[in-house]
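**Q** Got a structure for you, written out below as structure tokens; questions coming shortly.
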Amino acid sequence: MSSQPRLVEVRKNVLKQNDLAARALREQFRAAGVLVVSLVSSPGSGKTTLLERTLTALRENHRVAALVGDLATNNDAIRLARSQAPVKQITTGTLCHLEAAMVQNALEGWDLNHLDFLFVENVGNLVCPSSYDLGENLRLVLMSVTEGEDKPLKYPTIFNTADVAVITKTDLASAAEFDWHSADSNMQAVRPGMRVLKLSAKTGEGMQEYLGFLTGRLDEVRAARAT
């Protein structure tokens, strides 16, 4: 007898439990007035570098913190700690994604009322994270110019579950012979109207627009909370 129906049932139950935990997290975040931003991408997109620059820049005028997921090691958490923002590592072991319960556990001991921004860096993977809601306000999907223009076509689900696409390492676009028109066309074919930000964490190109977008979303969250 095939085990497929049983596997489908187990997966549905797992996702249901995750959705319940994510719903509880979202209510916590709303009550605290904190903007929660998750970052998803394939390995090597520059996600950790961008997050370090983000924490450092926002920390001048805002209260920021980060959770970072990885299969093993705490290397990314050590890097992010250089921003002097509170950082916690979530080690997933064999899991290729973060789950809402992991975020709940990692937040123990942190007072969300003392935060403006909470960033959640997911495990480097463009498949599994697409199915798991973490209670975030905003999901950013990153793709670097060195990965090629067809990422949205290869991984449409993650682009459809994200709110904004961020193209990173723009300083390498010429060397990588990155086709901007093709990338934009592929993005819009998968997710018409999706907002796309283009930046280089190394040179700073596009960072002001990106940071302004984040602070603008925080203002929206705070305004909605006040009504």
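**Q** From the protein chains alone at 1.4 Å, what is the descending order of accessible area for Val196, Val40, largest first? Don't skip to the answer; put the middle values down first.
**A** Details: Val196 35, Val40 0 Å².
Final ranking, largest accessible area leading: Val196, Val40.
**Q** Another question about this same structure. For the chain, which whole percent of the accessible surface, found with a 1.4 angstrom probe, sits on carbon and sulfur atoms?
**A** Details: 5470 of 10900 Å².
Carbon and sulfur atoms account for 50 percent of the accessible area of the chain.
**Q** Which one, Gly206, Gly109, Gly216, has the greatest fluctuation when you compute a Gaussian network model over the chain with C-alpha springs under 10 angstrom?
**A** In the Gaussian network model the winner is Gly109.
**Q** Also: On the full set of protein chains, 1.4 Å probe, figure out the accessible area of Cys128 and give it in Å² to the nearest 10.
**A** 40 Å²
**Q** Mind checking the per residue accessible area of the chain for me, 1.4 Å probe, whole number of Å²?
**A** Values: 10900 Å² over 227 residues.
I get 48 Å² per residue for this part.
**Q** So for segment 33-124, Kirkwood radius off the Cα pairs, Stokes-Einstein at 4 °C and 1.567 mPa s: how many µm² s⁻¹?
**A** Numbers: Rh = 13.1 Å.
It diffuses with D of about 99 µm²/s by this estimate.
**Q** Same structure again: Mind grabbing the accessible area of Lys169 for me, 1.4 Å probe, Å², rounded to tens?
**A** 60 Å²
**Q** Among Pro192, Pro152, Pro129, whose mean-square fluctuation peaks in a Gaussian network model of the chain (Cα, cutoff 10 Å)?
**A** Largest GNM mean-square fluctuation: Pro192.
**Q** What is the local net charge at Arg222, summed over the other residues whose Cβ is closer than 14 Å to its Cβ (Lys, Arg +1; Asp, Glu -1)?
**A** Numbers: positive: Arg30, Arg63, Arg217, Arg225; negative: Asp116, Asp219, Glu220.
So the environment of Arg222 carries a net charge of +1.
**Q** Which residue, Gly135, Gly204, Gly193, tops the fluctuation ranking in a GNM of the chain built on C-alpha contacts under 10 Å?
**A** Gly193
**Q** Where does each of Val164, Val127, Val190 land when they are ordered by accessible area, with a 1.4 Å probe and the largest first?
**A** I get Val127, Val190, Val164, largest accessible area first.
**Q** Still on this structure: What does the extension gain come out to for Arg59 and Thr94, with contour length at 0.36 nm per residue minus their alpha carbon separation? Write out the running numbers ahead of the final one.
**A** Working: separation 35, 0.36 × 35 = 12.60 nm, distance 3.29 nm.
Full extension of this stretch gives 9.3 nm more.
**Q** Students often get this wrong: which residues of segment 191-227 have the backbone nitrogen under 14 Å from the point 7 angstrom along Cα-to-C-beta of Ala176?
**A** 197-203
**Q** Mind ranking His114, His97, His62, His181 by accessible surface for me, highest first, 1.4 Å probe?
**A** Numbers: His114 115, His97 10, His62 50, His181 140 Å².
Output order, biggest surface exposure first: His181, His114, His62, His97.
**Q** Which value, in Å² rounded to 10, gives the accessible area of Ile90 with a 1.4 Å probe and all protein chains present?
**A** Counting only protein heavy atoms, the figure is 10 Å².
The values are calculated or read from the model by the stated rules, or taken from the named source; none is laboratory data. Note that the structure is predicted; figures quoted are calculated from it, not measured. Note: ideal-geometry Cβ built from the backbone for every residue, glycine included; neighbour counts use all protein chains shown. Protein only, heavy atoms only, side chains kept; ligands, DNA and RNA dropped before computing areas. Shrake-Rupley method; radii C 1.70, N 1.55, O 1.52, S 1.80 Å.
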